[in-house]
1. Subtract the Cα-Cα distance of Ala298 and Asn551 from 0.36 nm times their separation in residues, and report this length gain in nm to one decimal.
2. Using heavy-atom solvent-accessible surface (probe 1.4 Å) with all chains present, what is the largest-first order of Leu365, Leu135?
3. Between the range 293-343 and the range 572-645, what is the C-alpha centre distance in whole Å?
4. Express the Stokes-Einstein translational diffusion coefficient of the range 252-335 in µm² s⁻¹, to the nearest whole number, given a Kirkwood radius over alpha-carbon pairs, 37 °C and a viscosity of 0.692 mPa s.
5. Carbon and sulfur atoms: what percent of the 1.4 Å accessible area of the range 274-423 do they account for?
6. Need one number: convex hull volume per residue for the range 327-426, Cα atoms only, in Å³.
7. Could you do me a favour and compute the accessible area per residue for the range 463-545, 1.4 Å probe, result in Å²?
8. Determine the sum of side-chain charges near Ser316: Lys and Arg each +1, Asp and Glu each -1, restricted to other residues whose C-beta is under 9 angstrom from that of Ser316.
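The values are calculated or read from the model by the stated rules, or taken from the named source; none is laboratory data. Note that the structure is predicted; figures quoted are calculated from it, not measured. So basically every Cβ, Gly included, is an ideal-geometry build from the backbone, and we count neighbours across all protein chains shown. Accessible surface areas use protein heavy atoms only, side chains included; no ligands, DNA or RNA. Shrake-Rupley method; radii C 1.70, N 1.55, O 1.52, S 1.80 Å.
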Amino acid sequence: MTGNAIDKNLNDDGCAQHRAISSHIVFSRQFNSSPKLGQVVGLAFANWREWDENDHMDTHNFYSALNEHRRIMMPVERLENASSHLNRGITQNLDSQTAKIEHHIESDQVAGAVRSKERGARGIGVLLAIWWRFLLCTLSNLRRRMWRRRLADFAVIELHGELVERIPETSWWRDLLPGNRQPLSLEYLENALTRIADDPDVKGVVFLLRSPALTLAQAQSLAALFTRFRHMNVPQPKQIVAFIEETNAAGYVAACAADRIYMTPLSEWNIVGLRVGGLYLKDALKRIGVAFDVVRVAPWKTAGDMFHDATMSDESRAQFNWLLDSLFADIVSAISQGRKLSKQTVCELIDQAPLGAERALAADLVDGLAYEDELPLLLGRNKQPATLKPYDKVKRLLWRTLRKPGRGAVGVISLEGAIMMGSSRNLPLPLPLVGGQQMGHQTVQQQLRDARQNEWLDAVVLHIDSPGGSALASDLMWREIDLLCREKPVIVYMGNVAASGGYYIAAPGAKIVAQSATLTGSIGVINMKPITEDALQKVSVHRQFLQRGANADILGEDKHWDAKQLDQMKVSVQHIYREFKERVAAGRQLDYASLDPICNGRVWTGAQAKTHGLVDEVGDMHTALELACTEAGLNLDQVRVINLPTPKDKLPAEPLADVAKVLGVRNMAQAQKMLLEIAQGNWAALWGNERVWLLADNLPKIEG
């Protein structure tokens, strides 16, 4: 490649040095036949090395230098040896730089060719996907015409048991195992209602509420989904019918978003309000010889109250009261809007509850009393009963609409459970404070790195449902989320709980979305350890230790912290608390000095958090996806939403573990290890090496 060719392929900025190199290549070829003149040129380039250090060399300076050396009035023969040496060194240096430039250009050309091939392959893939969807829709709709009589007027969906946010990630073969039934998800319900809305012959959906284990935040998401469903097919709006066998506050809030509510004649309207309480074990633990050392940033950080308090503190009482006020207002507002009753009337009815079915009907809390087998007549027309069939049996007969190909993709990562070091896991027995489901920092790091390196993703939604946990693990996750935010829009959607460490990892998000009833905040730190020496002595168990180092026993369970160690723990907690507030101030663009009144471990509902600037929007996952598309310049109706899978270790025993879970004997080794540690009095092993926590335990346990 010639110097001119190189010069043509270089960028304009900072190219003076490269043009000089190119010129030298040309001159060196021209002056090979004239050694003396070549030596003069070599001396010119010797001075170029000095100019290059100050980045002042350009083509004009090069020619000026050349003319200057031609005017040197001294015998060229005396400079022959020195010039020859310098010329060889400079030529080798320039040839090396020239080779690097040529390699760079060739690499760019190769990369461009690869990108061109990738774009071509992607285009072919899109065309094949469009063709496949068209073929699938055509065949499916042809089958629908043939079996149209089997289609129902109303699809029936049963709500019972646990409800999760996203469709669980499972292996295909697990669906074939007997007794394996995945929990229902809000994502599945949204997909189902979208399919039903597209079919011109289906009149609506019947939801059978059989005591579903709903949280209030999930009920609000379900109500928002019902509202969207009514607007999916505006020319032919479809109905949502709720049939209730047993009622509770969350289930009834979701039912109030339906068009009609039916209740069995012997059911009761059990919306009696909300009640919250705590369990305090200090006195009981004292009787068996167990105590706890606790250091926390403020009394509102109540994660350890169960162990070191005998009664509810004033701060806990105040916090529970403002949470109850917000949650109760959500319930009253939802019933008032859904049943077209005044808020005062709703409060009076709640105070009178439980109400029998007849009284509930008279108060317009339900639209009718019936048994499930009577629903077809109630939903039919002109004394012609409607046909009702389970959604699973009619979904293959529903009309398929060929949608536009997706323009862009948004990835969804679900981060659920207590935050711990290591890999994500489900413990066979729930641990105190941290529970059973745990998300490990190594697993989450891998997920986030995969999302960051995935060129097909335009934005990411993080679904966080966590009470927090390990401070170190939270910070390591925060770092990966922060790096992801620098490359792609990241929207955080908070589920039921995103508090303490759960809020820590949410702070970098471009926007934060939460339901009104989400529990969040708890920006604070706690450090605690159990003291079990007296308990062991009560059963004549004696332990003796030898140590080197003044603080080798600082994590030991056989003695309380002394004054010096207690001061060290306080310094550690305050340091992490300052770091926590700095993360919040930077991520939420809040004044650091004004954070304490909304931090110090205080827990807020999503509605309250929005007023304090800790949350941007009150809404559901759909709201978060809309914000992600807005940030990425996409249209949600045309974007592909992808659940990003959790990276799994390539362990041969993994299929056997899944089978064991179905058979009810999963993680027996873990259970045996946990029981052994308890029997030996080694409680610290249950929490690993963690002592500093960003944890929001002792949150309101709603009864209603």
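1. Details: separation 253, 0.36 × 253 = 91.08 nm, distance 2.54 nm.
Contour length minus Cα-Cα distance gives 88.5 nm.
2. Details: Leu365 0, Leu135 55 Å².
Descending order: Leu135, Leu365.
3. 21
4. Working: Rh = 16.2 Å.
Translational D for this selection: 202 µm²/s.
5. Values: 3960 of 7980 Å².
Answer for the range 274-423 is 50 percent, counting heavy atoms of protein chains only.
6. Working: hull volume 31.7 nm³, N = 100.
Hull volume over Cα atoms, normalised by residue count, gives 317 Å³.
7. Details: 2370 Å² over 83 residues.
Value returned for the range 463-545: 29 Å² of accessible area per residue.
8. Values: positive: Arg317; negative: Asp305, Asp309, Asp314, Glu315.
Result for the local shell: -3.
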